[in-house]
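Below is one structure, written out as C-alpha cells; the observations come after it.
The values are calculated or read from the model by the stated rules, or taken from the named source; none is laboratory data. All of these numbers come straight from a predicted model, not from anything done at the bench. Here the Cβ is made from the backbone with ideal geometry for all residues, glycine too, and neighbour counts use every protein chain on show. Calculation scope for accessible area: heavy atoms of the full protein, side chains included, ligands and nucleic acids excluded. Shrake-Rupley method; radii C 1.70, N 1.55, O 1.52, S 1.80 Å.
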Amino acid sequence: LDEISGEYEEAGYGYMEYIRCAFVKVLILTMRTIERKENPLQKSSVVAQMVRRADEGFKEKLRLSTLATELGYNASYLSQKFSGEMGIGFMEYLHRVRIGRSCHLLETTDMKISRIAQEVGYDGVKYFNRIFKNQLSVTPKEFRAMYNLNR
C-alpha cells in the first residue's frame, strides 16, 4: 500500500493503471486470505458464528463484548480464539468487511462519503476516513477519484 501511495504522489506515466492493478492485487490477496480462513472445516463453530455475524451485521454497532454475551463466552476467550484462527482480531476483520463494502459503494454509486460511512456501520465520517486510509493508504475521496478516472 505504501507503494501505491508513492505511485499516486509521483504521478508518473501510467500511474493510474499501475495503481488500479495494485489495488486489484491487494483485493484479490485479501479475498483469498478471507476465503481460506472462512472455510468452515478450518475454524471452530464459535469463530464461524463470529465471522457470519460480522459479514451479515456489519452495519450494526458490533462489539466483541456484545458477541461474547450473545454467544455465551468470555470476551477475552473469544478474542484469543478469533485471532488464533483468523490471524487478525475481530475488530480488524470487521473493519475489512466494512471497508470492502464501502469500496463497492464508492465504485458503483454517487452516494456522499458521509452516507457511505453510515451505510457500512461507522458513526462518523472522520473515523471512517481514518480507517479507510489505514486499510488502503488512500482516502475514500481519492479512491473514488482513481476509480472514476479508470472508467
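Cβ-Cβ distance of Met31 and Thr69, R₀ of 22 Å, FRET efficiency by 1/(1 + (r/R0)^6): the value works out to about 0.10. Would you be so kind as to identify which of Phe90, Asn134, Thr69 lies farthest towards the positive end of the dipole of the chain, taking Lys and Arg as +1 and Asp and Glu as -1 on Cβ and the Cα centre as origin? Looking along the dipole axis, the top candidate is Thr69. Looking at the chain, the accessible area is 61 square angstrom per residue; that uses a 1.4 Å probe and ignores ligands, DNA and RNA. For the pair Arg52 and Tyr127, a Förster radius of 35 Å applied to the C-beta separation gives a FRET efficiency near 0.90, rounded to the nearest 0.05. Cross-link check: pairs Lys59/Lys81; Lys25/Lys133; Lys81/Lys112; Lys59/Lys141 evaluated at a Cα-Cα cut-off of 26 Å; pairs beyond the cut-off: Lys81/Lys112. Here the dipole of the chain is about 420 debye; that uses its Cα centre as origin and unit charges on the Cβ of Lys and Arg (positive) and Asp and Glu (negative).
Given 0.36 nm per residue, what is the gain on full extension from Val24 to Glu92 after removing their alpha carbon distance, in nm?
Working: separation 68, 0.36 × 68 = 24.48 nm, distance 2.02 nm.
Using 0.36 nm per residue and subtracting the Cα-Cα distance, I get 22.5 nm.
Largest accessible area first, the residues Ile113, Ile28, Ile4 order themselves as Ile28, Ile113, Ile4 under a 1.4 Å probe with ligands, DNA and RNA left out.
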